[in-house]
Each structure stands twice: as C-alpha cells, then as structure tokens.
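Enquirer: First, the structure itself, so that you have it in front of you.
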Amino acid sequence: MSGPSLRVTGEGGETWEDPSEEQIRRLYAGLNLRRRFLVLERLDVPAQESGEHYLQVRLNDDLTVEVEYREGDAAAHYRAEVAVPSDQGGSRIVEPLLVEWASGRPGWRGRLSWTRWDVARECPWDERSVAEAE
C-alpha cells in the first residue's frame, strides 16, 4: 500500500493528505489576514527530493496573492504575483491553478507570469546577520 501523494499544510500547521479538489478550493477560500498561507507539497517524489516539490500561496494585506513553486533544486524555484485582490476576482485565477497543480494537469504554469526565485532579492540576509540582530 502506498502513502499519500499530496499534503496540504495550513498556516496553523494543520495538514490534509490527498485532499479533493473541493477541499483545496475551500482551504484557499478560508485564507484571511489571520491565516495567510497554504502550502501544497508533493509526497510522491524521490526521497532525496523530499520537501523540494511544492506550491504555496500567501495572502497579502491588500488581498493580492503571492504564489511560489519549486520542482526540485533551486534552479527550478519560481514566484509570481496575482495583482487582483482575491475578493475582486483574484480567486478565479488562484483556485484553478492550485487544483491543476495538485492534480498534475498541464497548463497551470500558463495562468501566471513566473519569475525565477532570486535568493539575494527575496532573502537579503544570512544566518550570521540574523544572529547578530538578536
């Protein structure tokens, strides 16, 4: 018997294994300014790539959404922004993308304009400077 192929994790740490498309839609619809994050992670990948195949969304203060995905190593790490607030139509962009990615359907990448994740821009600190600040 094989294990789950997908795990969804909410900001509070709660998890759902192999959620249905409807569950994924409801989980996204439940994001708000107190619960901003949702992470979808592929579990059916080689052990050495565990934790390296995911798609995550973050709800911003203005209800726009940041989306990030990774498919293996750092060279396959991308981000995009949905500039339309979720309550004004942005959810019609994000929900199908989440469902398509989770089910492995082709075409989800074409829903947004992706930019390679730039560590220097996204994380302009290193562990040493964080430790010094504490």
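Read the figures in this text as sums done on the coordinates, not as results from a lab. Predicted model only: the values in this text are computed from it and were never measured. Ideal geometry is used to build each Cβ from the backbone, glycine not excepted, and the neighbour counts take in all protein chains shown.
Enquirer: Need one number: nm distance between label points at L33 and E66, each 7 Å from Cα along Cα→Cβ, rounded to one decimal.
Expert: 1.8 nm
Enquirer: Ignoring everything except DSSP H segments at least 4 long, calculate the 222 nm mean residue ellipticity for the chain; use -39,500 (n - 2.57) per segment, divide by total residues, nearest 500.
Expert: Working: 4 runs with 33 residues, N = 134.
Rounded to the nearest 500, it is -6500 deg cm²/dmol.
Enquirer: Follow-up question, since we're still on this one. Assuming a viscosity of 0.890 mPa s and a temperature of 25 °C, what translational diffusion coefficient in µm² per second does Stokes-Einstein assign to segment 35-106, Rh being the Kirkwood radius over Cα pairs? Walk me through the numbers on the way to the answer.
Expert: Working: Rh = 12.9 Å.
Translational D for this selection: 191 µm²/s.
Enquirer: Now for a separate question. So, in nm, how far is label E49 from label R26 when the simple model puts each one 7 Å beyond its Cα toward the Cβ?
Expert: 3.1 nm
Enquirer: Just one of [x] 11.7; [y] 9.8; [z] 7.6 is mean projected area of the Cα convex hull in nm² as worked out from the coordinates here. Which one is it?
Expert: Computed from the coordinates, mean projected area of the Cα convex hull in nm² corresponds to [y].
Enquirer: Same structure again: Using only alpha carbon pairs under 8 Å that are at least six residues apart, calculate the relative contact order of the chain and give it in whole percent.
Expert: Values: 201 pairs, mean separation 22.1, N = 134.
Computed over the chain, the figure is 17 percent.
Enquirer: Can you give the FRET efficiency to the nearest 0.05 for V84 and S2, using r as the Cβ-Cβ distance and R₀ = 25 Å? Provide the component values of the computation, followed by the final result.
Expert: On the way: r = 38 Å, r/R0 = 1.54.
With a Förster radius of 25 Å, E is 0.05.
Enquirer: Same structure, new question: Starting from the 7 Å offset along Cα-to-Cβ, what nm value, one decimal, do you get for the label separation of S113 and D18?
Expert: 4.0 nm
Enquirer: Around V45, under 14 Å between beta carbons, what's the net of Lys plus Arg minus Asp minus Glu among the other residues? Kindly include the intermediate steps, with their values, before the conclusion.
Expert: Working: positive: R7, R42, R70; negative: E41, D44, E49, E52, E71, D73.
Around V45, the surrounding residues sum to -3.
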